[in-house]
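Read through the structure below, which is laid out as structure tokens, and then see the notes.
The values are calculated or read from the model by the stated rules, or taken from the named source; none is laboratory data. Not measured: the values here are computed from a predicted model. For neighbour counting, all protein chains shown are included, and Cβ atoms are generated from backbone atoms with ideal geometry for every residue, glycine included. Just the protein is used for accessible areas: all its heavy atoms, side chains included, with ligands, DNA and RNA removed. Shrake-Rupley method; radii C 1.70, N 1.55, O 1.52, S 1.80 Å.
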Amino acid sequence: MRSTLSLTLLLALAAGPALAQPRQDPDWPCVQRRVPTIGYGAVWTGPDPSEAAGTWGSDRDAAQLARKLASRRTELREADTLIDEFVEKIDPAEKAKRLTHVFAGVYEIITGERSTVMNGIVRYAQGQRRLAERIRDEADKVSELKDSPDNDTTKVASKEVAELETKFNWDRRIFDERNQSVSYVCEVPTLLEQRLGEIAKRIQAKL
């Protein structure tokens with residue numbers, strides 16, 4: 001009869017949030033829908049920012065502001081003051097152009113960070129899947145050794161069984177610890193999207 005170790009393992013893995021239910025995309029463990037990119041139009045209704053894409057960095061003051069606004073170290077409540085200070089220093093005739101540079105910079109920085117985070121989540125999911133498969137293999141091997149007719153349960157476990165159980169317990173601990181952090185990690189792309197939308201709205205209000 002198969003040892004209860006495998007059954008316990010399967011129940012534990014089934015309870016893990018990262019592998020809780022089959023998903024359409026096995027490399028995406030988050031409840032939130034996977035949206036690889038965010039288009040300008042999703043958050044911006046001002047002048048076309050595509051012309052400033054990749055060139056906003058040459059506008060030194062706009063680039064400096066974009067980096068400040070995009071940084072999560074900058075509180076959103078500071079955004080209006082930072083934008084107002086920028087507008088006060090520029091030629092009113094160039095306000096729309098310069099603010100569009102600021103948005104283009106914020107967009108590029110935040111969407112780049114979001115893409116990096118999402119790629120990291122994918123690598124996380126792939127690693128967890130490989131680790132889960134290894135844990136199942138380890139559990140099966142321990143069960144086979146313990147259920148073997150040659151195994152004498154009245155004696156101290158063999159070195160092989162002890163080593164396998166130690167490895168199994170260690171891998172299981174790593175798996176569980178990683179699973180506990182997935183909910184937080186999955187929130188990051190959403191938080192970045194929200195920040196982008198909020199900053200875009202505040203820049204547009206100054207156009």
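General remarks:
- For the range 106-146, a residue qualifies if it is of a type in the set (A, V, I, L, M, F, W, C) and open to solvent by 50 Å² or more (accessible area, probe 1.4 Å), and the qualifying residues are Ile109, Leu145.
- Ser6 being modelled with pLDDT under 95 and farther than 23 Å from Arg123 by Cα: yes
- Under the condition of being under 13 Å from Trp44 (Cα atoms) and in contact (Cβ under 8 Å) with a residue 12 or more places away in the chain, the residues counted in the range 166-194 number 1.
- For the range 98-105, the condition holds for at least one residue, the condition being that it is among the small types (Gly, Ala, Ser), modelled with pLDDT of 95 or more and surrounded by 15 or more Cβ atoms within 10 Å (Cβ to Cβ).
- Residues considered: Gly54, Gly120, Gly105, Gly39. Of these, the only one that is at positive phi and of a type outside the set (A, V, I, L, M, F, W, C) is Gly54.
- If you go through the range 67-84 and keep only what is surrounded by 10 or more Cβ atoms within 10 Å (Cβ to Cβ) and under 16 Å from Ala205 (Cα atoms), you end up with Leu69, Leu76, Glu78, Ala79, Asp80, Leu82, Ile83, Asp84.
- Cβ pairs under 9 Å, 6+ apart, first in the range 111-127 and in a helix (DSSP H, G or I), second among the aromatic types (Phe, Trp, Tyr): Met118/Trp28; Ile121/Trp28; Val122/Trp28; Ala125/Trp28
- A search for C-beta distances below 6 Å between a residue of the range 31-52 that is open to solvent by less than 50 Å² (accessible area, probe 1.4 Å) and any residue that is of a type in the set (A, V, I, L, M) and part of a loop (DSSP other than H, G, I, E, B), counting only pairs 6+ apart in sequence or on different chains, returns Gly46/Leu207.
- Residue, most open to solvent (accessible area, probe 1.4 Å), within the range 158-188, restricted to residues that are over 20 Å from Arg134 (Cα atoms) and within 13 Å of the chain's Cα centre (by Cα): Tyr184
- Selection status of Gly120, more than 20 Å from Glu193 (Cα to Cα) and modelled with pLDDT under 95: no
- Within the range 85-97, being in contact (Cβ under 8 Å) with a residue 12 or more places away in the chain and either surrounded by 11 or more Cβ atoms within 10 Å (Cβ to Cβ) or within 30 Å of Cys30 (Cα to Cα) (or both) holds for Phe86, Val87, Ile90, Lys95, Ala96, Lys97.
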